[in-house]
Amino acid sequence: MSGERHHRYWRVYRTAGGHRIIRDELGRLSSHDYAKVRAAMDEVVELGLRAGKPLRNVIREIDAEGEHGVTYRMLFATDGHLMQMLLALVLFNKKSPKTPPRLIDLAETRLRDWRLRRTTLT
């Protein structure tokens with residue numbers, strides 16, 4: 001259908017060995033902090049990429065305010081048919097105003113790994 005919105009959805013990065021790093025990190029958060037991160041993720045599903053801050057190339061970032069003054073950042077990228085999949089690549093506790101370049105590098109490395117394995121499996 002013309003004009004039909006494509007549904008966005010989240011997936012988490014999985015290593016070649018099947019380890020879902022982001023899922024495990026989310027599971028270690030308090031229920032309050034988990035809910036805040038999920039709300040930020042849901043906002044990207046609803047509003048699209050404008051809800052995430054562009055960092056470098058295709059890597060974007062969302063922030064979530066946790067308890068006790070903790071702020072979490074999640075780095076992600078789009079993938080899949082029509083780029084509707086939102087791939088969570090890195091989750092970390094924000095300690096400085098600027099995202100450390102090494103974490104953006106890590107997100108880009110994980111995205112390349114994800115895409116390489118996806119194409120070799122199909």
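Taking 39, 64, 107 as the candidate residues, the one with maximal mean-square fluctuation in a Gaussian network model of the chain, Cα springs under 10 Å, is 39. The string of couplings for the range 45-54 from the Karplus curve (6.51, -1.76, 1.60, θ = phi - 60°) is 4, 6, 9, x, 5, 5, 7, x, 8, x Hz, one whole number per residue in order, with x for Gly and Pro. Report summary: the helix-based calculation at 222 nm, which adds -39500 (n - 2.57) for every DSSP H run with n ≥ 4 and divides by the residues of the chain, gives -12000 deg cm²/dmol. Among 43, 67, 25, the residue with the largest mean-square fluctuation in a Gaussian network model of the chain, with springs joining Cα atoms closer than 10 Å, is 67.
So how strong a dipole does the range 9-121 carry about its Cα centre when Lys and Arg Cβ are +1 and Asp and Glu Cβ are -1, to the nearest 20 debye?
420
Applied to the range 57-70, the Karplus parametrisation 6.51 cos²θ - 1.76 cosθ + 1.60 on θ = phi - 60° returns per-residue 3J(HN,Hα) values of 6, 9, 7, 10, 9, 10, 10, 9, 7, x, 6, 6, x, 7 Hz, with x for Gly and Pro. Just add up the charged neighbours of residue 10: K/R +1, D/E -1, any other residue whose Cβ is under 10 Å from the Cβ of residue 10. My count for the surroundings of residue 10 gives +2.
For residue 94, the amide hydrogen comes within under 5 Å of the amide hydrogens of 71, 72, 73, counting only partners 5 or more places away or on other chains and with H modelled in the peptide plane. In the chain, Cα pairs under 8 Å separated by at least six residues give a relative contact order of 25 percent. The phi-based Karplus calculation (6.51 cos²θ - 1.76 cosθ + 1.60; θ = phi - 60°) puts the 3J(HN,Hα) values of the range 10-21 at 9, 10, 10, 4, 10, 5, 4, x, x, 6, 9, 4 Hz, whole numbers, x for Gly and Pro. Within the listed set 81, 32, 19, the Gaussian network model of the chain (springs between alpha-carbon atoms below 10 Å) gives the highest mean-square fluctuation for 81.
The numbers here are math on the coordinates, done by the rules we state, and not lab data. On a predicted model such as this, the values are computed, not experimentally measured, just so you know. For neighbour counting, all protein chains shown are included, and Cβ atoms are generated from backbone atoms with ideal geometry for every residue, glycine included.
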